[in-house]
Amino acid sequence: MPTPDFRTILADETREAHDAIERALDLGPDAPFERYLSYLRGMHAVVASAETAFERDLRLADLGLMPSPMRARLERDIAYFRLEPMACRVALPGDLPSRVGWAYVLEGASLGGRVLHARLAPRWSLTPATGGAFLAGHAQRSGEGWRRFVHALNRVPFTAEEKKACVAGARQAFGAIAETFRASVAGAGLGLAGQDGFRTGTSREQPPARAIERTDSQQREQRFDEG
């Protein structure tokens, strides 16, 4: 039996975290529109933090593992719906294996983004100009970028311990997405610009206290200290 490549191992080792994201987002056919807005704000919080960190780190680019840029498209959607971005910072690990795990999760988001685009865009008339730029960007990709990423990932000469750190980084990234989404749903006063916030029809579950530190009650700044 052939030895599985690293991408297969990474997918198997993070399947539980990936499935937990699907359950947390709950963007099925009957999801309320406000849940989509929470999704945009949560993804923007994670992507903005990650892209800022990656822009200063040439190691991923040298390996051919820099995720496709997503922040600008998310900012277009947030501006269109007049949403207030979450005032938070997602802390990324500094070691290369963990960052490769993060890059794997963010680049892999294109696969799920295609599914969401097919499901949500017709329902809410989402286009790149009307609040659907983020999902449309995923749908327009041919898949070649993901194949190149996987090819580069499988060529990285990680040791066994470094591969474990990469898996841990990917799990952390999935957890950060789920946590920021829950905070976006729960955060009163962080919704539509000029309003007091919005209700989503979901339970207003608070994220774990260990992960969020509110340092300014007026701005509701949140800090996510992962790992």
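Report, to two decimal places, the Cα Rg of region 1-105 normalised by 2.2 N^0.38 Å (N = number of residues).
Dividing the Cα Rg of region 1-105 by 2.2 N^0.38 Å gives 1.24.
For region 68-120, just the Cα atoms, rotate onto the principal axes and tell me the three extents in Å, largest first.
Result, largest extent first: 36, 29, 14 Å.
Under 5 Å between amide H atoms, partner at least 5 residues away or on a different chain: which partners does Cys88 have, H built in plane at 1.01 Å?
Amide H neighbours of Cys88, under 5 Å, 5+ apart: Gln222.
At Arg15 and Thr3, where each label point lies 7 Å from the Cα along Cα→Cβ, what is the point-to-point distance in nanometres?
Distance between the two pseudo-spin positions: 2.1 nm.
What nm value, rounded to one decimal, do you get for the distance between Glu55 and Lys164 when each label is placed 7 Å out toward the C-beta?
It is 3.6 nm.
Quick one: what are the phi-derived ³J(HN,Hα) couplings along region 85-95, Karplus 6.51/-1.76/1.60 with θ = phi - 60°, whole Hz, x for glycine and proline?
x, 5, 8, 8, 10, 9, 7, 9, x, x, 6
Applying a 10 Å radius around every beta-carbon, put 109-115, 15-21, 72-78 in order of their mean neighbour count, most first.
Result, highest mean Cβ count within 10 Å first: 72-78, 109-115, 15-21.
Among residues other than Phe134 whose Cβ falls under 10 Å from its Cβ, what is the net charge (Lys/Arg +1, Asp/Glu -1)?
Spelling it out: positives minus negatives among the neighbours equals +1.
When ranked by the protection proxy of mean other Cβ atoms within 10 Å per residue, highest first, what sequence do the peptides 121-130, 30-39 form?
30-39, 121-130
Which of the peptides 171-184, 91-104 is most tightly packed, and how do the rest follow, going by the mean number of other Cβ atoms within 10 Å of each residue?
The packing order, highest mean first, is 171-184, 91-104.
Only the coordinates and a few stated rules stand behind these numbers; no lab work does. Every value quoted in this text rests on a predicted model; they were computed, and no experiment measured them. All Cβ positions, glycine included, derive from the backbone under ideal geometry; neighbour counts span all protein chains shown.
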